[in-house]
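Take a look at the structure set out below.
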Amino acid sequence: MAKSVRLKDIAERIGVSTVTVSKALSGQKGMSNALREKIMALANEMGYVPSISHKKDESARNYTIGVIISEQYMNEYNTFYNRLHQQVSQLAMENGCFTMLEVVTVDSQNKRTLPRLVTDKKVDGLMVIGRIDEKYLDNIRRYTSLPMVFLDFCNHTGDEDAVIADSYNGAYCMTNYLFDMGHKKIGFVGTVLASGAITDRYFGYRKSLLEHGLEYNEKWVIQDRDPAVGTIDAGAFFKLPEEMPTAFVCNCDIAAGILIKKLKDKGYRVPQDISVVGYDNYIFPGMCDIKITTYGVDTYEMGRNAVLNLIRKVSRERYRQGVMILEGHMIEGDSVSRYGA
């Protein structure tokens, strides 16, 4: 019989204390997200199985959580959602639960075909990661009364439970930062209305423009994806205007990375000629050769709150009802310079 993996084993492999490993796996604060993710990845690799003997209610079930993600978020430019799903799975495991993933195709959403997770009655609750067709969600609700929590989006219906990042304020802060750096001609990269998060970030950008007394220039809003499909497309979109602003606010770091490459291909230097800021602090290795100044999103805390809320909702315990908005923070990189410097 294989020897069970202990916290001490993980700590020795990674070079930290047992207390640090315990805090990382139980969702406590006091360390960087990078270290937490490293510990969680190693624990998963070593086959660590958490003890659930600490539960207050010894008769509580080990729930199975169904995770639904639209196929549009599982392409090469959306590994952000892969990471979010991995964190949700790890957090569920740390709370004695299991997850089952179903990727829902666009065709299934259009035809209102219910997820197999729902029709086969395999799960105790549902977590929907990333925006999905609203009528498709309504069809799920009509079919089942399973407890449901949305992660990284909400429909603002007033009767939903969701955990989202503070997109509006984040983009507002990043635009203000560019103004503080002397920029007055600032564009936006993102297809408005392609998702609720992009729309919120766009209006955060617009709010900053209004407060600085500057008019909105429609030509400086660059589309990055097909609004119907929602998939970033570097070839079909990212069309640069003839008259360029001195800075851009991008709806995500992936869009920022693509924009920086497009600018360099056109002979612009970043940040000497044009400054660029992103959002979410996530880009896959090798995509961009400079560190992007961005607004960090705490995906771990988002996932933790979504998992705990769903478990409590399934258990019929008290939980944080409604939409929970988690703040982030600006992370300075090398993609912004002071205008005129």
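Every number here is computed from the coordinates shown, using simple stated rules; none is lab data. Keep in mind that what you see is a predicted model, and the values were worked out from it rather than measured. So basically every Cβ, Gly included, is an ideal-geometry build from the backbone, and we count neighbours across all protein chains shown.
Stretching the chain fully between Lys266 and Thr113 yields a gain of 50.6 nm (0.36 nm per residue, less the alpha carbon separation). Gain on full extension, evaluated as 0.36 nm per residue between Ala34 and Lys291 minus their Cα-Cα distance, stands at 90.9 nm.
Fully extending the segment from Ala234 to Asp159, taken as 0.36 nm per residue of separation minus the present Cα-Cα distance, adds 23.3 nm. What you get for region 167-296, charging only the Cβ of Lys and Arg (+1) and of Asp and Glu (-1), is a dipole of about 180 debye around the Cα centre. The value of relative contact order for the chain, using C-alpha pairs under 8 Å at least six residues apart, is 16 percent. Set against the 2.2 N^0.38 Å expectation for a compact globular protein, the chain has a Cα radius of gyration ratio of 1.06. If R0 equals 41 Å, the separation of the Cβ atoms of Val49 and Arg141 corresponds to a calculated FRET efficiency of about 0.75.
Summed over qualifying helices (DSSP H, 4 residues or more, each -39500 (n - 2.57)) and divided by its residue number, the chain shows a 222 nm mean residue ellipticity of -11500 deg cm²/dmol.
For region 167-296, what class follows from the C-alpha gyration tensor (a ≥ b ≥ c being the square roots of its eigenvalues): rounded when a/c is under 1.5, otherwise prolate if a/b is larger than b/c, else oblate? Rounded, because the longest to shortest axis ratio a/c is under 1.5. Using a ≥ b ≥ c from the Cα gyration tensor of region 252-329 (square roots of the eigenvalues), is it rounded, prolate or oblate, where a/c under 1.5 gives rounded and otherwise the larger of a/b and b/c decides, a/b for prolate? Prolate, since a/c reaches 1.5 and a/b exceeds b/c. For Thr293, the residues whose modelled amide H falls within less than 5 Å of its own, excluding neighbours fewer than 5 places apart on the same chain, are Gly278, Gly333, Asp334, Ser335, Val336. Place a point 7 Å from Cα of Tyr339 in the direction of its Cβ. Which residues in region 217-256 have their backbone N less than 15 Å from it? Output list for this probe position: 217, 220, 244-249. When both region 181-239 and region 275-324 are represented by their alpha-carbon centers, they are found 21 Å apart. Scoring 118-131, 34-47 by mean Cβ neighbours within 10 Å over their residues and listing the highest first yields 118-131, 34-47. Would you kindly derive the ³J(HN,Hα) couplings of region 210-222 from the backbone phi angles with the Karplus curve 6.51 cos²θ - 1.76 cosθ + 1.60 (θ = phi - 60°), listing them in order in whole Hz, with x for Gly and Pro? 3J(HN,Hα) across region 210-222, in whole Hz: 4, 5, 9, x, 10, 6, 7, 10, 4, 5, 9, 9, 9. The Rg/Rh ratio for region 64-164 is 0.93, where Rg is the radius of gyration of the alpha carbons and Rh is the Kirkwood radius.
Proximity of backbone amide H atoms, modeled 1.01 Å from N, is registered between Leu101 and Val67 at under 5 Å, excluding neighbours fewer than 5 places apart on the same chain.
When you count the other C-beta atoms within 10 angstrom of each residue and take the mean per peptide, 267-280, 132-145 line up highest first as 267-280, 132-145. Using the average count of surrounding beta-carbon atoms within 10 Å as a protection proxy, the listed peptides 314-325, 283-294, 193-204 rank, highest first, as 193-204, 283-294, 314-325. Dipole check for the chain: with +1 at the C-beta of Lys and Arg, -1 at the C-beta of Asp and Glu, and the Cα centre as origin, the magnitude is about 800 Debye.
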